[in-house]
1. Compute the distance in nm between two label points, each set 7 Å from the Cα along the Cα-to-Cβ direction, one at K2 and one at F95.
2. What order do I7, I54 take when sorted by accessible area (1.4 Å probe), most exposed first?
3. Report the label-to-label distance for K27 and E56 in nanometres (one decimal), using points 7 Å from each Cα along the Cα→Cβ vector.
4. Mind checking which lysines have their C-alpha under 23 Å from K40, skipping anything on the same chain fewer than 8 residues away?
5. Packing-wise, with mean Cβ within 10 Å as the measure, how do 82-89, 39-46 rank, highest first?
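The values are calculated or read from the model by the stated rules, or taken from the named source; none is laboratory data. If you're wondering where the values come from, they're calculated on a predicted model, not measured in any experiment. Neighbour counts run over all protein chains shown; Cβ positions are idealised from the backbone, glycine included. Ligands, DNA and RNA are stripped out before the accessible areas are found, and what is left, the full protein with its side chains, is counted by its heavy atoms. Shrake-Rupley method; radii C 1.70, N 1.55, O 1.52, S 1.80 Å.
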Amino acid sequence: EKIQTIIDNLLSNAIKFSPPCSNIEIKISHDKKCVKLDIKDSGAGIHKLDRDKIFEPFYQGQSIPDTHVKGTGLGLSIAQEFALAHGGRIFLMNFPEPGSYFRLVLPMQNN
């Protein structure tokens, strides 16, 4: 359930911050140690002043979308906490094009 919440939060942000009819790229890869989920959106991106704060609870960045659904500033904070609880982490990746690029990294488990 927590991994589903992480993915839901990352995807809902990508949708919320992207213009209508734009692309959202989702890629999954893995090796022996970890699985990676990359999500790239086509929005305005994250302002450089916000980059160090986006995982803080209740933080809402410089560019809040003009939509009827307003966020609480908890989605990325919760997603990061859930990732950490599973031994993983969410990273905001450097991305030269417009948009945001997040990577979820979770360790592989051998049963």
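1. Distance between label points: 2.5 nm.
2. Values: I7 50, I54 20 Å².
Most to least solvent-accessible, the answer reads I7, I54.
3. The modelled label-to-label distance comes out at 3.1 nm.
4. The qualifying lysines are K2, K16, K27, K48, K53, K70.
5. Working: 82-89: 15.4, 39-46: 19.9.
Going from most to least packed, we get 39-46, 82-89.
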